[in-house]
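Chemist: This is the structure, below, for whatever I ask next.
Quick note: the coordinates plus some simple rules give every number you see, no bench work behind them. Quick caveat, the model's predicted, so the values are computed rather than measured. Here the Cβ positions follow ideal geometry from the backbone for every residue, glycine too, while neighbour counts run over all protein chains shown.
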Amino acid sequence: MDIVREPQKWQQILRDYRRKGDSIGIVPTMGALHAGHRSLLQRAREENQIAAASIFVNPSQFDNREDLTRYPVTLDEDISLLEKVGTDLLFAPQAESMYPDNYTYAVTEKALSREYCGKYRPGHFEGVLTIVLKLLLISHASRMYMGEKDWQQYVLVKRMAEAFLIDTEIVSCPTVREPSGLALSSRNGRLTSDELEKAPLLHQLLSSDRTIEAIKEELETAGFRVEYVEIFNDPELGSRLLAAAYLGKVRLIDNAKRTQGPL
Ligand code: PAF
């Protein structure tokens, strides 16, 4: 696997592949890769001639400095996972090269990014959309693969690609879960053993037919600090219950399709 650190070099290599007629699938990540990322990478490998990944802990999307400094960095393990699934190319830039403007330019979305997680994490989606737009512009990818766990992020990126007429298909992939139902996340490693036992309740309740109020109540009783549980409705993408809740210091998010039952 080739590791590229310079955006200009990345852009040139991938442009050359596209000109030759190769399809490119990219998985954008912040590293600390787990089985959820592995499933995205496998899909990119299966569906494209060139399977690419990026690892960049994007400072502009962290609304909380402590969260950024605590974000796990496991580059050696990440590289071996990427190699095992047959990734061809890894982009691992430095912050200065991705933000030559010192983040004076940013992507603003004025609706969905202010709802759900956006209400509680000011600036988060602006940072996500800005870095993803940069990755889309320099990667010439046929497809970008994103996990359904971050449902709001997936929808915002998909709509941004449509809004800016970017010729990359944004592909959503099912959430990978522990046997308990807990969605895999790089943050799960920070849960205590007691919190790890409680954490699967979030998914169990979201996929039940309980009302939103009942879900919130059960979570609070179990020791979660609920940020929100809200319905997402879209004529194209259907209905989902989206939630964010803290267990101790760890913020968990999850979502589930909602097809029936009172809200
Ligand atoms: O989901 C993530 O890991 C990040 O938000 C992403 C899409 C890589 C952008 O930094």
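Chemist: To the nearest 10 degrees, how steeply does helix 7-20 sit against the main Cα axis of the chain, on a 0 to 90 scale?
Modeler: 80 degrees
Chemist: Ok, one more. Among the listed pairs Lys149/Lys249; Lys119/Lys158; Lys119/Lys249; Lys110/Lys198; Lys110/Lys216, which are separated by more than 30 Å between their Cα atoms?
Modeler: Where the Cα-Cα span goes over 30 Å, the pairs concerned are Lys110/Lys198.
Chemist: Counting other Cβ atoms within 10 Å of each Cβ, which GluC sites (Glu not before Pro) in segment 179-258 have at most 12 and sit in a DSSP loop? Provide the component values of the computation, followed by the final result.
Modeler: Numbers: sites: Glu195, Glu197, Glu213, Glu217, Glu218, Glu220, Glu227, Glu230, Glu236; in loops: Glu236.
Here the GluC sites (Glu not before Pro) that fit, given the DSSP loop and packing criteria, are Glu236.
Chemist: Taking chymotrypsin sites (Phe, Trp or Tyr not before Pro) as candidate sites, keep only those in a DSSP loop with at most 15 other Cβ atoms within 10 Å, then name the longest stretch of the chain containing none of them.
Modeler: 1-102
Chemist: Another question, then. How many angstrom lie between the C-alpha centres of segment 85-100 and segment 1-46?
Modeler: Answer, in whole Å: 9.
Chemist: Explain nothing, just the number: relative contact order of the chain, from Cα pairs under 8 Å at least 6 residues apart, as a whole percent.
Modeler: After rounding, I find 18 percent.
Chemist: Stretched out fully, how many nm does the piece from Thr259 to Ser180 gain, at 0.36 nm a residue minus the Cα gap? Kindly include the intermediate steps, with their values, before the conclusion.
Modeler: Details: separation 79, 0.36 × 79 = 28.44 nm, distance 2.22 nm.
26.2 nm is the gain from fully extending Thr259 to Ser180.
Chemist: Which of rounded, prolate or oblate describes segment 26-89 when judged by the alpha-carbon gyration tensor and an a/c cut-off of 1.5?
Modeler: In terms of gyration-tensor shape, prolate.
Chemist: Given the options Ala243, Ala161, Ala111, which has the most mean-square fluctuation in a GNM of the chain, springs set between C-alpha atoms less than 10 angstrom apart?
Modeler: Ala111
Chemist: Under a plain spin-label model, where a point goes 7 Å from the Cα along Cα-to-Cβ, how far apart in nm are Val73 and Ala214?
Modeler: For the pair Val73/Ala214, the computed spacing is 4.7 nm.
Chemist: If I take R0 = 25 Å and measure r between the Cβ atoms of Ser23 and Glu83 in this structure, what FRET efficiency does the formula 1/(1 + (r/R0)^6) give, to the nearest 0.05?
Modeler: The computed FRET efficiency comes out at 0.75.
Chemist: Calculate the length of the line joining the C-alpha centroid of segment 112-150 to that of segment 163-240, in whole Å.
Modeler: 18 Å
Chemist: In terms of the Cα gyration tensor, with a ≥ b ≥ c the square roots of its eigenvalues, is segment 170-249 rounded because a/c is under 1.5, prolate because a/b exceeds b/c, or oblate?
Modeler: Details: a/c = 2.04, a/b = 1.25, b/c = 1.63.
It comes out oblate by the Cα gyration axes.
Chemist: For segment 1-129, what relative contact order do you get, as a whole percent, if you take Cα pairs closer than 8 Å and at least 6 residues apart?
Modeler: The normalised contact order for segment 1-129 reaches 32 percent.
Chemist: Using the Cβ atoms and a cut-off under 12 Å, what net charge is assigned to the surroundings of Ser139, where Lys and Arg are +1 and Asp and Glu are -1?
Modeler: Once positives and negatives cancel, what remains is +3.
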